[in-house]
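The structure under discussion appears below in the form of structure tokens.
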Amino acid sequence: MAIRRYYLQFLTDAEDRHAEQEFLGDEPEEEPFGVSPEDRELAACPKDVGFYKKELNAWDVTQKLFKQEMDDYNKEQQQKKGVQHSIKYRTEHAREWFNNMTSAHHKEVEEARDKWNREGAPAEAQAMYRKKNLKKVLDNFTEQVQCTMGCRIVMLLSHKKNADQTLSVKIHESQPVNHKKPFSMSSQGSKEWMSEGFEKYAEWSKEEFYPTNDDDDSSDEDSEVGKDAIPEVILDEHGFATLPSHKEVSLKGQQKLVWQIFYASYKVFTGGKKSVPWLSIAGNPLVYLDPDSIPDGFVMQDPSHLKVQEINNLWGHWEARKASKQKLVIFVGAMSTHMNKSLLVDAIYVGEKKSKKKYVPVDTDDEEEALAEAKASSEPKASTRPTKNTRLQTQDSSDDNLTPSTGQVTRPSLAQEGVRTPATVPIKDRMSFLWSLSSNNEYVRFISCLGDLKKERSSEATEWPAWVTWSWDKSHLPNSVHSDDSELNKFLEMVISAKISGLVSAMKPSEN
């Protein structure tokens, strides 16, 4: 009877407990007796990461889950044997308790075991252990595999970050023995392969760590009959996407529509079929996109990560552009490796030397002769795509230090040019000269839009101040511009009133 009364506290089913109490002659409890399995599992879950290094079995879990019960049973048995505080019998008594567990205990242990093996240590413990040990563990593993099995490794890793809905994605690879560079930086092809693989793995990791339940309610039969079908994105005569309806389309379907709209515009701009470089655009959207293509304050990211509210905001903006007969999305820059070779004759490369380089178009209506000379003298060099080996590990995609690099228009070295003035710059070098004046992000955005301006001569000639023309033969602006605001304000008024026309992506002059 004593044993049955002892095990009564572990019964979680109300009817079983009531029947057992009647058998023992006890008064039924009004409130549930004992601790619920969920609370017991939560309290017993080990926070020591080392506990999870090997697959857990029922014995491992039981010792944590029912530690107090095993201790009580051990004390009871030791008192019967007349021994006190003897560790000699503890394991034996714990095994006895384990072997005599009820079916309810076994079920509770199995559920906790499966959960702990699936989820591992608590998130806080994982984050702390990862911060201290991830690099060391990866280096040791890579070295061990290389020394014992002769293998080389390239791997992608991802994990949650503290901020909600954010990820950290990293690349880890073996250090080369016979090559000068690791695989991810060994060639242009490997850089592109790693970059695209990184983006795809980041998308997969997003769904892995932050799954969406949009399609949980739809059965396979519903999918087969096209419940989640999305409307067709129709292209205009130039290849740009027209705006379809996104009503009654699931979130995933809307994300696909956004992807198709951006892809259509990118395909028009590049003349190829390369994927849109979402991560690079997210790092500095003004280098790639006309700012009017997206709403103010909109955060660019891979469409598969967009939420319903963000898509609705974007759709409302595009509906306004559609009403004013504008293209939905206009690209002003692209990865140079994505560009059709026939378009690279007008290339201006923007980015840090030998690394982050983008292509922006240059209108050359007035410079055909200069471009012909430049093309005859030297072919444009291939530009390097942004490498992800270091930038993506930190998720820092800043492009604040954009400068012109090798390509159709080249920037002379300081030793060659000395102190240059607008009047001494050849026509073919004018865009390069403008890029060299400042690395300010807003200035870069302004210069990248000059290619969209039309080169039409107005019948109403404007008398511009000498210091804003290419005939200016000094290396600095006149002192009056710095000391007297009236002259600068007068110039701004002239700019605002001037008739400057261009493509839909051309920047409008304003006092801001």
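Here are a few things to note about the model shown:
- Checking every residue in region 123-134 against the condition of being open to solvent by 60 Å² or more (accessible area, probe 1.4 Å), in contact with a Ser or Thr (Cβ under 9 Å, 6 or more places away or on another chain) and not aromatic (Phe, Trp, Tyr) gives zero matches.
- Qualifying positions in region 472-512 - of a type in the set (A, V, I, L, M, F, W, C), at pLDDT 75 or above and open to solvent by less than 70 Å² (accessible area, probe 1.4 Å): 472, 481, 488, 491, 492, 494, 495
- Residue count for region 170-203 satisfying the condition of being open to solvent by 30 Å² or more (accessible area, probe 1.4 Å), out of contact with any strand residue (DSSP E or B) (no Cβ under 8 Å at 6 or more places or on another chain), within 22 Å of residue 273 (Cβ to Cβ) and assigned to a helix (DSSP H, G or I): 8.
- Residues satisfying the stated conditions in region 103-114, i.e. free of Cβ contacts under 8 Å to residues at least 40 places away in the same chain and open to solvent by 80 Å² or more (accessible area, probe 1.4 Å): 103, 107
- Only one of 47, 64, 54 that is out of contact with any Lys or Arg (no Cβ under 6 Å at 6 or more places or on another chain) and in a helix (DSSP H, G or I): 64
- The set of residues in region 265-301 that are touching a Phe, Trp or Tyr at 6+ places or on another chain (Cβ under 8 Å), of a type in the set (A, V, I, L, M, F, W, C) and open to solvent by 10 Å² or more (accessible area, probe 1.4 Å) comprises 268, 269, 279, 300.
- Here residue 322 fulfils each of the conditions (1) closer than 30 Å to residue 211 by Cα; (2) not in a loop (DSSP other than H, G, I, E, B) apart from (1).
- Residues that are open to solvent by less than 50 Å² (accessible area, probe 1.4 Å) and small (Gly, Ala, Ser) were ranked within region 135-169; the one that is nearest to residue 197 (Cα to Cα) is 158.
- Restricting the first member to region 132-159 and to residues that are at pLDDT 90 or above, and the second to residues that are open to solvent by 60 Å² or more (accessible area, probe 1.4 Å) and assigned to a helix (DSSP H, G or I), the beta-carbon pairs closer than 7 Å and six or more apart or on different chains are 154/183.
- Out of 99, 74, 117, one residue alone is over 30 Å from residue 194 (Cβ atoms), polar (S, T, N, Q), over 34 Å from the mean Cα position of the chain (by Cα) and open to solvent by 30 Å² or more (accessible area, probe 1.4 Å). It is 99.
- Members of region 317-344 found to be open to solvent by 40 Å² or more (accessible area, probe 1.4 Å) and within 19 Å of residue 233 (Cβ to Cβ), listed by number: 317, 319, 320, 322, 323, 325, 326, 327
The values are calculated or read from the model by the stated rules, or taken from the named source; none is laboratory data. The structure displayed is predicted, hence computed values, not measured ones. Positions of Cβ are generated from backbone atoms using ideal geometry, with glycine treated the same way; all protein chains shown enter the neighbour counts. SASA here: full protein model, heavy atoms, side chains in, ligands and nucleic acids out. Shrake-Rupley method; radii C 1.70, N 1.55, O 1.52, S 1.80 Å.
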